[in-house]
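All remarks here apply to the structure that follows.
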Amino acid sequence: MVLTGIQRKKLDDALRSGGIFVTCGKKNPNLMSTHWGALGSFWNRQIFVLPVRKGKRSHEILEEYKSFAVSVPTTDMRHELMLCDSMSGYTVNKFEALHLHPKRARKIPAYVLGDCGLILECKVIYTALPTDGFIEDALRADMYDGKEPHVMYFGEVVECYENK
Ligand SMILES: Cc1cc2nc3c(=O)[nH]c(=O)nc-3n(C[C@H](O)[C@H](O)[C@H](O)COP(=O)(O)O)c2cc1C
């Protein structure tokens, strides 16, 4: 599944401004916000690379379901994105707390946000830990000394569509 130029631009614009939502899980689904992540080509497939720190509820669910959805806001959702960051799925149902509307995903065991205009459904095909390989000293000190590492989830885009 390959995004159109217009869909790519919507994703880039969101990543550069307020951010995006990432949902995962089917039984007890969760939601997180981020402005880190990248769409690109690897292994002749279109992949979204998503960093998630170990210790987050989203990490735990991603390890179980090996899939996630990116919900791209196409209206101003900066308030919800900011609030989402301050909540943990271990203690709060963020969909309810933020008055958001989960909808079943089409191709992965997850929910997507009906509130967002563009959806990418991704199946994880590879994971990597930055702290396993070479890492610049300054980057390690800045990001990982005394902190959990990010797991880099390489999610193949298996479905992409506009939400009506
Ligand atoms: C702008 C922004 C970017 C973020 N990017 C990430 C990220 O790339 N990876 C990550 O694990 N958390 C990131 N966070 C933090 C998560 O959104 C936040 O900790 C979230 O509540 C995690 O929830 P969970 O424990 O329910 O998974 C970011 C937060 C903000 C505000």
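So the values come out like this:
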{"quantity": "Complete set of residues in segment 124-164 that are open to solvent by less than 40 Å² (accessible area, probe 1.4 Å) and either basic (Lys, Arg) or in contact with a Gly (Cβ under 8 Å, 6 or more places away or on another chain) (or both)", "calculated": "VAL124, ASN163"}
{"quantity": "Subset tally (residues that are touching a helix residue (DSSP H, G or I) at 6+ places or on another chain (Cβ under 9 Å) and open to solvent by 10 Å² or more (accessible area, probe 1.4 Å)) for segment 102-116", "calculated": "5"}
{"quantity": "Unique residue being without any contact (Cβ under 8 Å) to a residue 24 or more places away in the chain, touching a His at 6+ places or on another chain (Cβ under 9 Å) and more than 9 Å from the ligand (Cβ to nearest atom) when the list is ARG104, ARG16", "calculated": "ARG16"}
{"quantity": "Filter result for the condition that a residue is within 11 Å of the ligand (Cβ to nearest atom) and within 15 Å of the chain's Cα centre (by Cα), over VAL22, VAL112", "calculated": "VAL22"}
{"quantity": "Condition check for ASN28: at pLDDT below 95, surrounded by fewer than 17 Cβ atoms within 10 Å (Cβ to Cβ) and over 16 Å from GLU162 (Cβ atoms)", "calculated": "yes"}
{"quantity": "Considering residues of segment 29-47 that are in contact (Cβ under 8 Å) with a residue 40 or more places away in the chain and within 12 Å of the ligand (Cβ to nearest atom) only, the residue farthest from MET82 (Cα to Cα)", "calculated": "PRO29"}
{"quantity": "Flag if VAL2 is near the ligand (Cβ under 7 Å from one of its atoms) and among the hydrophobic types (A, V, I, L, M, F, W, C)", "calculated": "no"}
{"quantity": "Residue in segment 65-82 that is nearest to the ligand (Cβ to nearest atom), counting only those that are open to solvent by 80 Å² or more (accessible area, probe 1.4 Å) and over 11 Å from VAL124 (Cα atoms)", "calculated": "MET82"}
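The values are calculated or read from the model by the stated rules, or taken from the named source; none is laboratory data. Please read these numbers as outputs of a predicted model, since none were measured by experiment. Here Cβ is always computed from backbone atoms with ideal geometry, including for glycine, and neighbour counts include all displayed protein chains. Note: areas computed on protein heavy atoms with side chains; ligands, DNA, RNA excluded. Shrake-Rupley method; radii C 1.70, N 1.55, O 1.52, S 1.80 Å.
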